[in-house]
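Every number here is computed from the coordinates shown, using simple stated rules; none is lab data. Since this is a predicted model, take the numbers as computed values, not measurements. Cβ sites come from the backbone with ideal geometry, for glycine too, and all protein chains shown count toward neighbours.
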Amino acid sequence: MTHLLVLVLDNMEQCPNVLEAWEGAGVTGVTILESTGLNRLRKGIRDDFPLLPSLRSMLVGRETHHRTLFSVVKDDEVLERAIEATQRVVGDLSQPYTGLLFVVPVSRVLGLKRDDAPGG
């Protein structure tokens, strides 16, 4: 079965190690996004601000605190190895300030490089 593997990494300095661990587990084609959680934004917001004044204005000049990594994984064994490798790098994900990992089943993928395609 094909899955979407998503990791919101709390400590962005661990990103290179996670990428290396995923590659060692057989994950390819990882996309990385800079991300910030709402909880992090609220810590720096005054009480008199509206809930979502303008996220763009609030983010200008702020350092991003997370990395969100995701990849389409076509093999269940690779998926399990990637999850185990992630926890070896970041620690037990049930602990605070490690990250959030989730897996979503994918019913259809277009544009994913196929192993039997020319040049692949």
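For region 12-20, in order, what is each residue's ³J(HN,Hα) by Karplus, 6.51 cos²θ - 1.76 cosθ + 1.60 with θ = phi - 60°, in whole Hz (x at glycine and Pro)?
Whole-Hz 3J(HN,Hα) from phi for region 12-20: 5, 5, 7, 4, x, 5, 5, 4, 5.
Of the listed peptides 24-31, 89-96, what is their order by residue-averaged count of other C-beta atoms within 10 Å, with the highest listed first? The partial results should precede the final answer.
Numbers: 24-31: 14.9, 89-96: 12.1.
Packing proxy ranking, top to bottom: 24-31, 89-96.
List 109, 73 from most exposed to least, where exposure is judged by having the fewest other Cβ atoms within 10 Å.
Details: 109 11, 73 26.
With the sparsest Cβ surroundings first, the list reads 109, 73.
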